[in-house]
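Structure, as structure tokens:
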Amino acid sequence: MFNLDFLTDYSLIPLRVMVGLVFIDSGFLDLRNPKERAKSMGVPEPLGAFIGLAELLGGIAVIVGFLQQLAAIGLILIMIGALQKKIFVWKTGFWGKDSLGWNYELIFISMLLVILCTDGGRFVLLR
């Protein structure tokens, strides 16, 4: 119906910013209190801290466009780990029960796939 291809690079900017801000916030919370966050995720403290650092740096990379495809792959892997935990270990429903369901992870995986497949668009620092 409409040919909006010329807006693709511009539409990727708010997508990258939104995805990046969520991961920066999550990573910051993981690093601020690694022991408690690792316990809530059900992982050892060093792994929880690593995940937090990866989320923080991956979020920054996605926003500024610095190796955003590698950052997107790393963040997708983190989301797949969260999916596995929510579906098979915690048995959380798609919409959740008493917390966020695993629809949240699927939304972010979808958004990260767009960033991965478009290489973040034209407005990036380093490909």
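Taken together, the values in this text are just the output of simple stated rules run on the coordinates, not laboratory data. Model, not experiment: these values are computed from the prediction. When we count neighbours, we look across all protein chains shown, and the Cβ atoms used for this are built from the backbone with ideal geometry, even at glycine.
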Row for the range 16-64, column shape: gyration tensor on C-alpha, a ≥ b ≥ c, rounded if a/c < 1.5 i.e. under 1.5, prolate if a/b over b/c, else oblate; value prolate
Tilt, helix 8-32 to longest principal axis of the chain (alpha-carbon atoms), in degrees rounded to tens, equals 20 degrees
Evaluated at 37 °C and 0.692 mPa s, the Stokes-Einstein D of the chain based on the Kirkwood radius over Cα pairs, in µm²/s, stands at 216 µm²/s
Long-range amide H partners of Phe66, meaning residues 5 or more apart or on another chain whose placed amide H is closer than 5 Å, are Leu125, Leu126
Within the range 1-40, DSSP-loop chymotrypsin sites (Phe, Trp or Tyr not before Pro) with at most 12 other C-beta atoms within 10 Å are Phe2
Summed over the other residues with a beta carbon less than 9 angstrom from that of Gly52, with K and R at +1 and D and E at -1, the charge totals 0
Site Phe123, offset 7 angstrom along Cα→Cβ, radius 13 Å on amide nitrogen, limited to the range 51-80, gives 63-65
Treating only Lys and Arg (+1) and Asp and Glu (-1) as charged, each at its beta carbon, one finds that the chain has a dipole about its Cα centre, in Debye to the nearest 20, of 300 debye
Residues other than Trp102 with Cβ under 13 Å of its Cβ, Lys/Arg counted +1 and Asp/Glu -1, net out at +3
Computed over the chain: longest principal axis from alpha-carbon atoms vs helix 68-84 long axis, angle to nearest 10 degrees, is 40 degrees
In terms of the charge dipole of the chain, which places +1 on Lys and Arg and -1 on Asp and Glu at the beta carbon, the residue among Gln68, Phe94, Met18 farthest towards the positive end is Phe94
Quick calc: nm separation of the 7 Å Cα→Cβ label points for Leu77 and Leu47 -> 1.4 nm
Rounded to the nearest 500, the 222 nm mean residue ellipticity computed for the chain from DSSP H runs (n ≥ 4, each -39500 (n - 2.57)) alone is -23000 deg cm²/dmol
For the chain, the longest principal axis of the Cα atoms and the Cα long axis of helix 45-64 enclose an angle in degrees, to the nearest 10, of 10 degrees
